[in-house]
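Where a number appears in this text, it was derived from the coordinates with a stated rule and is not lab data. Note that the coordinates shown come from a computational prediction; the quantities given were computed from them, not determined experimentally. A quick note on method: Cβ atoms are made from the backbone with ideal geometry, for glycine too, and the neighbour counts reach across all protein chains shown.
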Amino acid sequence: MSDHIEDPVNTEASNPEAENQDEVTLPAVVVPASSTEDPADYGRVDEEGNVWVKEAAGERQVGSYPDAVPEDPLALYTRRFLDLEAKVNLFEMRLPTLNGKEIEQTLKSLDEELKEPAAVGNLDGLRDRVKELHSAGEARKEEAVRERAAAKKQAYADREAVVEEAEAIANQDPERTQWKNSGQRLRDLLEEWKNLQRHGPRLDRADEDALWKRFSSSRTKFDRHRRHFFSALDARQADAKRIKEGLIEEAIEMQNSTDWGRTSAAYRDLMDRWKKAGRASRKDDDALWKRFRAAQQVFFDARRENSEAIDSEYRENLKVKEALLEEAEALLPIEDLEATTTKLRDIQDRWEEAGRVPRNDVGRVEGRMRAVEKAVRDAEEEQWRRSDPRTKARAEGMMGQLEDSIAELERDLASAEEANDEKKAKSIREALETKRAWYNQISGSVDN
């Protein structure tokens, strides 16, 4: 018998819960005997060299020395007992970590070894401990079943999360999908699925097949949407290319036109149609745009050169009009309306003869001239209003009414003062002051 203590657990046994998991090998542990009693107390050697062990059922021969009895005849047999006890201790220590199959195999092995072992020690006590471990093993197997169920439930949830994310990616609006990022995420999810298969608990075949079918369908749907999207995109880009090539031909036909206004409007219309046409492929669209801009540029360069030539001529006209503006603005403020009107008409005649000015200056100089003309026109309207007979008649009629009203208020004021009614007198004075102010204003208007 070797002194080495064997591991009582069958390390080759298959673990249904640990399938597809990374294998974990526990180090061999040697556990000392749990009792301080001497195993030799349970054995003896008779005169004929036979070795006996004491058990509850009586003595049982476990060996003999036919040739010669050694100095310590029980040492071999007590060491065998200690080996058995160490196996029981090790099993007891590892029991919380073992699965059901390992527990059953180990207890069966211990039961066989403890039936009639050739060992000396408290075998009855060791057998009682193993009986207790049978009960503890049953409890542990029930716990392991619960752990396995919980692990399977979690494994199902983990894989379902992978499936649901894949379905969410597959159900995206194709027009808003980022195909590169989404495709990479689906590949990452596939790797997650494989890792869960390799390292997680095995699911029931029906559950795993159902989840895999959903996952695989999502990948297929995503690929189908991607093919359709890019097929439709290719068609749209080809159509956009055809439309833009037609617009380029139109732009080329107009590029030498000198009908500046009408052609500029036509090019604006072309630009609107270009934007509505959509995009061709990036390579084609850049080349098409370059050709389109080149055709436009011919026209706009010619228009700019023409404008510059005209502006050069108009700048001399601008100098004349700016001098006329200074002359017109010097007429304000108006002192003699008739003389001012005569001078302004002369300035206006010379203004028309001066001709056009550069486009960028039209608004500025025309605005200044309009301001002078408005000031003279307003003065003329005011003079006419004052000299209008109907206006004078209305004013004189109102003056008569005011005179009567003022005379009546003056009488009322005198009466109030005689009666020492200061409150009433104050109110009449305020009304009288207002009426006199109106009278003076109308009187001044009629006099003018």
Here the Kirkwood hydrodynamic radius of the range 111-155, Cα-based and in Å, equals 12.7 Å
If one builds a Gaussian network model of the chain from Cα atoms under 10 Å apart, the most fluctuating residue listed among 67, 269, 188 is 67
For the range 249-305, listing trypsin sites (Lys or Arg not before Pro) in a DSSP loop whose Cβ sees at most 16 other Cβ atoms within 10 Å gives 279
Here the averaged projected area of the range 161-309, based on the convex hull of its alpha-carbon atoms and given in nm², is 11.8 nm²
Percent relative contact order for the chain, counting Cα pairs under 8 Å at least six residues apart, stands at 11 percent
Share (percent) of C-alpha pair distances in the range 155-233 greater than 21 Å works out to 29 percent
Checking the range 81-147 for trypsin sites (Lys or Arg not before Pro) in a loop per DSSP with at most 14 other beta-carbon atoms within 10 Å yields 115
Phi-derived 3J(HN,Hα) across the range 162-169 with the Karplus relation (6.51, -1.76, 1.60, θ = phi - 60°), rounded Hz, x for Gly and Pro, is 4, 5, 5, 5, 5, 5, 4, 5
Between (1) 27; (2) 73; (3) 33, the structure-derived percent of Cα pairs over 36 Å apart is (2)
In the structure shown, of 319/343; 153/180; 115/152; 101/131; 180/241; 221/290, the pairs separated by more than 28 angstrom at the C-alpha atoms are 153/180; 115/152; 221/290
Within the range 45-138, DSSP-loop GluC sites (Glu not before Pro) with at most 14 other C-beta atoms within 10 Å are 47, 48, 71
